[in-house]
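What follows is a short report on a single structure.
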Amino acid sequence: MTDQWFSLFVPGRIEVLGKHTDYCGGRSIVCAVEQGFRIQFAANPQLLGVRIERTEGDPTVATAVSETMTLDWRSPAVPAGWWKYPHAVLQRVSENFRSRPLIGVDVRFSSNLPPAAGLSSSSALMIALFLAISKANALETFPEFQENIGNRNDLVEYLGCIENGRSFHKLQGDCGVGTFGGSQDHAAILLGRRGYLSEVAFAPLRLETEFAMPQDLCFAVATSGVAAEKTGAARAAYNRCSLMVEELVQRWPGTEQTLWAILRRVGVDELTVFIRRNAFTFTTSDLIDRVQQFWIESEEIIPAVRDRLVRGEFDQIGSLVDRSQHNSERLLRNQIPETIFLQACARRQGAVASSAFGAGFGGSVYAIVEQSSADAFLQSWRDEYLREFPERCQTATFFTTRPAEAMA
């Protein structure tokens, strides 16, 4: 029998700027969105793990259940599909919190967040499941929690490590979900504030500043219809961006632990000389492009956008965001024809700013537009996109959103 049921809402996120910067120790500008996961959960001492029910619509309505699976705390078998994400959470929690037996949890959830679309649906699901397990088991009272997770920033970084498999302080890592990212998604989801964009820096995590988004503006979002699943076909391409940085940091003769720290000490030119003089797994040109993209994004574009947003000049950031998009296409090379078209189309149709976002190799594009004309913009944007890519008519989605509260 289940105990008292609790509810929570965990949003997705938009990465305004900060393409592949978090695991490099750089900066991002992000916000939570109004779409996300609605969760109901309750402790169930009869379970030796978590029973998960995915529902269509209201998760409090049992008849709406569309999928169910029970995952054991220590089951070594990795399930197929999206079940891999909750499995990774259970395995990590059961390994890291062993000072007393864990209580099972019943979980029901529904989501209006497009999956595998760059809006952090997988991260939001993993965060929601961890929070349900934590609440049901009072994890904050475990000595392992108290010794390693002292504040919200620590929790954000730990949740990122559940996903990427890295250790966090004394909490031992594992294989995660097989992607080598950072904690940008988790920071946006757990630190965001309604009506505000947040500038966040990483390694260590810190909230640097916040910018109020004018009430007359909103985000129009187009999901390309090309799935960018972290556990699917896009994983190898996504990890390649991260592995280039990891190899550079490991081969660097200094003591710096992040690409940002190396570049802050010696600059792009000296690191470029180091790359040219040594042999790496990746090509010289690819590594130099990766360094250039990161430094320009984190240390040139984001500070310039910050200066304008501090003054409330959202209408002055368009060309800077265009530069970020261009570098993503030319240097990071994580864009596809659909996202390139959507961004250019949004700008042609008068968006204040527009960019693809997320890991890339599929996913979504945002456009900052006036609230009063958002519906007309979405329709025109959608029509032009589907004329160019009619094969995406069943999978592409278009909607509006605003910066939302981190959690409710």
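Filter the stretch 49-68 down to the residues that are under 13 Å from residue 107 (Cβ atoms) and hydroxyl-bearing (Ser, Thr, Tyr), then identify the one that is modelled with the lowest pLDDT. Ranking the qualifying residues of the stretch 49-68, first place goes to 60.
Taking the stretch 29-48 as the range and being at pLDDT 95 or above and in contact with an Asp or Glu (Cβ under 6 Å, 6 or more places away or on another chain) as the test, the residues that pass are 29, 30, 42, 43, 44.
If you scan the stretch 97-143, which residues turn out to be part of a helix (DSSP H, G or I), in contact with a Phe, Trp or Tyr (Cβ under 7 Å, 6 or more places away or on another chain) and among the small types (Gly, Ala, Ser)? Spell out the reasoning first.
Of all residues in the stretch 97-143, those part of a helix (DSSP H, G or I) come to 121-137, 139-141, 143.
Now narrow it down to the ones that are in contact with a Phe, Trp or Tyr (Cβ under 7 Å, 6 or more places away or on another chain): 122, 124-126, 128, 132, 135-136, 139.
Selection gives 122, 124, 128, 132, 136.
State whether one or more residues within the stretch 182-198 are open to solvent by less than 40 Å² (accessible area, probe 1.4 Å), of a type in the set (A, V, I, L, M, F, W, C) and in a strand (DSSP E or B). Within the stretch 182-198, one or more residues are open to solvent by less than 40 Å² (accessible area, probe 1.4 Å), of a type in the set (A, V, I, L, M, F, W, C) and in a strand (DSSP E or B).
Going through the stretch 1-32 one residue at a time, which ones are part of a strand (DSSP E or B) and within 30 Å of residue 104 (Cα to Cα)? Selection gives 6, 7, 8, 9, 10, 11, 12, 13, 32.
How about the stretch 275-369: which helices (runs of 4 or more DSSP H) wholly inside it have at least 1 residues that are at pLDDT below 95 and open to solvent by less than 10 Å² (accessible area, probe 1.4 Å)? Quick ask: steps written out before the conclusion?
On the way: elements: 284-295, 302-310, 318-327, 337-348.
Of the helices (runs of 4 or more DSSP H) lying wholly inside the stretch 275-369, none has at least 1 residues that are at pLDDT below 95 and open to solvent by less than 10 Å² (accessible area, probe 1.4 Å).
Tell me whether the stretch 227-247 contains one or more residues that are farther than 30 Å from residue 113 by Cα and out of contact with any Lys or Arg (no Cβ under 7 Å at 6 or more places or on another chain). Give the derivation first.
Pass one, the stretch 227-247, residues farther than 30 Å from residue 113 by Cα: 244-247.
Now restrict to residues that are out of contact with any Lys or Arg (no Cβ under 7 Å at 6 or more places or on another chain): 246-247.
Yes, there is a match, as at least one residue in the stretch 227-247 is farther than 30 Å from residue 113 by Cα and out of contact with any Lys or Arg (no Cβ under 7 Å at 6 or more places or on another chain).
Just wondering, is there one or more residues in the stretch 131-151 that are at pLDDT below 95 and open to solvent by 30 Å² or more (accessible area, probe 1.4 Å)? Looking for residues that are at pLDDT below 95 and open to solvent by 30 Å² or more (accessible area, probe 1.4 Å), one finds none in the stretch 131-151, hence no. Check the stretch 69-80 and report whether any residue there is of a type outside the set (S, T, N, Q), modelled with pLDDT of 90 or more, open to solvent by less than 60 Å² (accessible area, probe 1.4 Å) and within 23 Å of the chain's Cα centre (by Cα). Checked the stretch 69-80: no residue is of a type outside the set (S, T, N, Q), modelled with pLDDT of 90 or more, open to solvent by less than 60 Å² (accessible area, probe 1.4 Å) and within 23 Å of the chain's Cα centre (by Cα). Among the residues of the stretch 247-276, those identified as in contact (Cβ under 8 Å) with a residue 12 or more places away in the chain and polar (S, T, N, Q) are 257, 258, 272.
Scoring residue 174 on the criteria (1) surrounded by fewer than 20 Cβ atoms within 10 Å (Cβ to Cβ); (2) charged (D, E, K, R); (3) within 21 Å of residue 11 (Cβ to Cβ) leaves a single failure, condition (3).
Considering only the stretch 229-239, I want to know if a residue exists there that is more than 20 Å from residue 204 (Cβ to Cβ) and among the β-branched types (Val, Ile, Thr). Spell out the reasoning first.
Of the stretch 229-239, the ones more than 20 Å from residue 204 (Cβ to Cβ) are 229-239.
From the residues that got through so far, the ones that are among the β-branched types (Val, Ile, Thr) too are 231.
Looking through the stretch 229-239, at least one residue is more than 20 Å from residue 204 (Cβ to Cβ) and among the β-branched types (Val, Ile, Thr).
In the stretch 92-112, the count of residues that are modelled with pLDDT under 95, of a type in the set (Phe, Trp, Tyr) and closer than 20 Å to residue 174 by Cβ is zero. Only one of the listed residues (165, 160, 118) is touching a helix residue (DSSP H, G or I) at 6+ places or on another chain (Cβ under 7 Å), closer than 25 Å to residue 361 by Cβ and not aliphatic (A, V, I, L, M). That residue is 160.
Comparison of 221, 156 shows that the only residue that is open to solvent by less than 20 Å² (accessible area, probe 1.4 Å) and touching a residue at least 60 places away in the same chain (Cβ under 8 Å) is 221. Taking the conditions (1) surrounded by fewer than 16 Cβ atoms within 10 Å (Cβ to Cβ); (2) modelled with pLDDT of 95 or more; (3) within 14 Å of the chain's Cα centre (by Cα) in turn, residue 115 satisfies each one other than (2). Only residues that are open to solvent by less than 10 Å² (accessible area, probe 1.4 Å) and either out of contact with any helix residue (DSSP H, G or I) (no Cβ under 6 Å at 6 or more places or on another chain) or of a type in the set (S, T, N, Q) (or both) were counted in the stretch 32-48, giving 3.
The values are calculated or read from the model by the stated rules, or taken from the named source; none is laboratory data. Being a predicted model, the structure only gives us computed values, none of them experimental. When we count neighbours, we look across all protein chains shown, and the Cβ atoms used for this are built from the backbone with ideal geometry, even at glycine. Please note that ligands, DNA and RNA were not included when accessible areas were found on the heavy atoms of the full protein model with its side chains. Shrake-Rupley method; radii C 1.70, N 1.55, O 1.52, S 1.80 Å.
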